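The block underneath contains the structure these notes are about, expressed in structure tokens.
The values are calculated or read from the model by the stated rules, or taken from the named source; none is laboratory data. Predicted model, so just to flag it, every value in this text is computed and none were measured. Here the Cβ positions follow ideal geometry from the backbone for every residue, glycine too, while neighbour counts run over all protein chains shown.
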Amino acid sequence: MLKVGLTGGIASGKSVVGEMLAALGAHLLQADALAHDLMRPGDDVYREVIRCFGAGILNTDGTVNRARLAEAAFGHAGQPSRIQELNKIVHPVVVERQDAWMEEVGRKNPHAVAIVEAALILEAGAVKHFDRLLVVTCRSEQRIERWAARVKVDLETARGEVTRRMAAQLPDEEKIKAADYVIDNSGSLDATGKQAEEVYRKLVADEAKTQES
């Protein structure tokens, strides 16, 4: 089995690329969904997040309001970011669950390409858990436009939020240096799809080589 980390900056198109690779035959886990699952009321991570960030991040039904948590973690204007504090709570458990998922995939299919899509693989020091690292990139202005469309806000609001969140991530240049493969998602979906097909062929070949060695 080949373990692949799929990462990239905010609104770069990681999920789109992940879905393309899954359609080609890869097994895919989205770390964001895993982290969201850990925020369920009663979970240890949930309790620790509430302890650190307060009950103000909760909805009336006791569930975590992700927008409020993001606001508290990334910091208001003039206030320091607390994202590292949040990451220290969530990341160790997420990485542990990711590893368990990849091991389970490998038991079921020893020739699988198992992909974990996560925004902070490098920042969390989790790259060592993977055999290959795939980075998705796009132009800076595209991130803003895509974020604005995703959360339905104006471009200036999106620009501020993207800038704030990017401050907690390594720049694309650093991620590209660490990557085994890079997909440029600046063009059309067809162009991205062709790159995904080429990368998947290489990943399948890489997996076959691991069986030979």
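Here are some notes:
- Exactly one residue out of GLY62, GLY75, GLY8, GLY25 is among the small types (Gly, Ala, Ser) and under 19 Å from HIS129 (Cβ atoms), and it is GLY8.
- Among residues of the stretch 90-102 that are free of Cβ contacts under 8 Å to residues at least 40 places away in the same chain, those with a Cβ under 9 angstrom from a residue that is assigned to a helix (DSSP H, G or I), sequence gap 6+ or separate chain, pair up as HIS91/ALA35; VAL95/ALA31; VAL95/HIS129; ASP99/HIS129.
- Just one of the numbered conditions (1) under 30 Å from ALA208 (Cα atoms); (2) modelled with pLDDT of 95 or more; (3) crowded, with 19+ Cβ neighbours inside 10 Å is not true of ALA100: (3).
- Residues located in the stretch 48-73, provided they are farther than 15 Å from ILE83 by Cα and either surrounded by 12 or more Cβ atoms within 10 Å (Cβ to Cβ) or in contact with a Cys (Cβ under 7 Å, 6 or more places away or on another chain) (or both): LEU58, GLY62, THR63, VAL64, ASN65
- Residues of the stretch 111-139 that turn out to be without any contact (Cβ under 8 Å) to a residue 40 or more places away in the chain and surrounded by fewer than 16 Cβ atoms within 10 Å (Cβ to Cβ), as a count: 2
- Note on the stretch 143-179: residues that are surrounded by fewer than 16 Cβ atoms within 10 Å (Cβ to Cβ) and part of a helix (DSSP H, G or I) amount to 13.
- Residue satisfying all of: in the stretch 180-189; outside any loop (DSSP other than H, G, I, E, B) and in contact with a strand residue (DSSP E or B) (Cβ under 8 Å, 6 or more places away or on another chain); farthest from ASP131 (Cα to Cα) among these: ASP184
- Test: VAL17 is among the hydrophobic types (A, V, I, L, M, F, W, C), within 23 Å of TYR181 (Cβ to Cβ), in contact with a Ser or Thr (Cβ under 9 Å, 6 or more places away or on another chain) and modelled with pLDDT of 95 or more: yes
- Qualifying residue in the stretch 190-208 (condition: at pLDDT 90 or above, farther than 30 Å from GLU103 by Cβ and either in contact with a strand residue (DSSP E or B) (Cβ under 6 Å, 6 or more places away or on another chain) or in a loop (DSSP other than H, G, I, E, B) (or both)): no
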